[in-house]
Amino acid sequence: MFGSIGMSELLIIFVIALIVFGPRKLPELGRSLGKSLGEFKRASNDLRNTLEEEINVEDQARKTEQSTAPEPAASMPPEDPDREDVQHLGTQAGHESNKAAPTTANADSTSDQAPTTAV
């Protein structure tokens, strides 16, 4: 319990404390020291329990996030084609050739009109 302190060393410490503090004050000091150590132990146990609870709450939150992750796109219901993000995905999937032709036609028509309006 006391590490490398033996019985004889404890007896010497007790005798010195008895001489320094006196027989009336020594029991009071022992009582207050015992209470202080008990409170410290209780506080450290409360802190340890609080930390363990917080870690458990975070672990449970991670598990629920992983279990509620979205499923792959193949099993998802069909999307509304009028939504912007779906249209954006469509242009990336190879539908660019359909939209590329009108933009080049618009660019040609604007270049033809630009010199006539500039004069």
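For this structure, a couple of remarks:
- A search for C-beta distances below 7 Å between a residue of segment 44-66 that is among the basic types (Lys, Arg) and any residue that is surrounded by 10 or more Cβ atoms within 10 Å (Cβ to Cβ), counting only pairs 6+ apart in sequence or on different chains, returns nothing.
- Test result for Ser109, surrounded by 10 or more Cβ atoms within 10 Å (Cβ to Cβ), of a type in the set (Gly, Ala, Ser) and at pLDDT below 60: yes
The values are calculated or read from the model by the stated rules, or taken from the named source; none is laboratory data. Treat the numbers as computed from the prediction; the structure is a model and nothing was measured. Methodologically, a virtual Cβ is constructed for each residue, glycine included, from the backbone with ideal geometry; neighbour enumeration extends over all protein chains shown.
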